[in-house]
1. Suppose accessible area is computed on protein heavy atoms with a 1.4 Å probe; arrange Met173, Met250 from highest to lowest.
2. Please list, in order along region 193-210, the HN-Hα scalar couplings obtained from phi with the Karplus expression 6.51 cos²θ - 1.76 cosθ + 1.60 (θ = phi - 60°), rounded to whole Hz, x for Gly and Pro.
3. Using the Kirkwood radius over Cα pairs, work out the Stokes-Einstein diffusion coefficient for region 108-211 at 4 °C and 1.567 mPa s, in µm²/s as a whole number.
4. Counting other Cβ atoms within 10 Å, keep those with at most 14, restrict to DSSP loop, and tell me which GluC sites (Glu not before Pro) in region 182-266 are left.
5. Could you list, bin by bin from short to long, the percent of Cα-Cα pairs of region 189-271 in 5 Å steps?
6. Amide H to amide H under 5 Å from Ser183: which residues, 5+ apart in sequence or cross-chain, H placed 1.01 Å off N in plane?
7. At what distance in nm do the modelled label points of Thr165 and Gln192 sit from each other, each positioned 7 Å from its Cα along Cα→Cβ?
8. Please give the net charge around Asp197, taking every other residue with its beta carbon less than 15 angstrom from that of Asp197, where Lys and Arg add +1 and Asp and Glu add -1.
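The values are calculated or read from the model by the stated rules, or taken from the named source; none is laboratory data. Being a predicted model, the structure only gives us computed values, none of them experimental. A quick note on method: Cβ atoms are made from the backbone with ideal geometry, for glycine too, and the neighbour counts reach across all protein chains shown. The accessibility values were calculated without ligands, DNA or RNA, using every heavy atom of the protein model including side chains. Shrake-Rupley method; radii C 1.70, N 1.55, O 1.52, S 1.80 Å.
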Amino acid sequence: MPTTNMNEIIIYFKQYPLFVQEILQIFGIFFLSWLIGTLFSLFTKFSLKKKRILREHGISTERRETLFSLLNGIIKVTFFSAAGLLSISLFVDASTLIWMVGLFGAGFGLSARPLISDVMAGASFIFEDTFAVGEKVEILNVEGVIEKITLRTTWLRAPSGEIYTIPNGDIRMLRNFSRGRYSSVKITLRIQTTDLDRTLQILDELGNNALDTFPNLIEPWYVINTTGEMTQVIALELLAKARLGYGAEMRTKLLGIIQSSLSSADIDLEN
């Protein structure tokens, strides 16, 4: 019975004019390509969502989103390229198709070098865990949060709200603020030279108790003078290490406690 129904469908299909048959075949090829590509994408997303796989391979949630975005792009390009070749094969024989693909590949390689560079760079992000979705980075002097990574471009959300679409081939160097062992904290104080000894004593006392007061500090801070000049007003720099991602928060808290302690000792800060 199924064979009979299939034969009836083929006979019914051949009743159409040749160009209609070819259009329907092309539509069917691209539809199947889209369907299979979608199934592969869903399978990839499902696999990357498994907690066991993430735990065994040490893949973070941000890394998972990055991998899925890039793999999804590769799957789409692969299946739709195959669909295009199958569609062309309906009109030309195999030898001509090979010749056309070679000629097209050479021409495309010369005319679309930036595009190929972007795609190759995007594919390399699969193997190099340089940055991931959700991380704060600086690319091409633009600072922001990675919002999306595709096979060709990276989307960067700037602090002012706009989206920067950066070709992957242009990413040669970047700063990643979301990775590392610690976040640096630097505070500059300008005081009268006559208050130097008292200020250093207060800062040392605060520093000795800082780890108990601020759990996000990694180690006690230290105070330096970068210029080495002794004038009426001297500039001191307080340098500390906070847990990764807590630098801005610690800077604000340290400013508050230092200002309060110096004010209690009648030590005025200079502009």
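1. Details: Met173 155, Met250 0 Å².
Of Met173, Met250, the descending order of accessible area is Met173, Met250.
2. 4, 5, 9, 4, 4, 5, 5, 4, 5, 5, 5, 5, 5, 5, x, 5, 9, 5
3. Working: Rh = 17.0 Å.
The diffusion coefficient I find is 76 µm²/s.
4. Details: sites: Glu205, Glu229, Glu237, Glu249; in loops: Glu229.
Those satisfying the criteria are Glu229.
5. The percentages, shortest bin first, are 3, 14, 26, 25, 17, 11, 4, 0.
6. Under 5 Å from the amide H of Ser183: Ala242, Arg243, Leu244, Gly245, Tyr246.
7. Distance between label points: 6.0 nm.
8. Values: positive: Arg198; negative: Asp195, Asp204, Glu205, Asp266.
Local charge sum for Asp197: -3.
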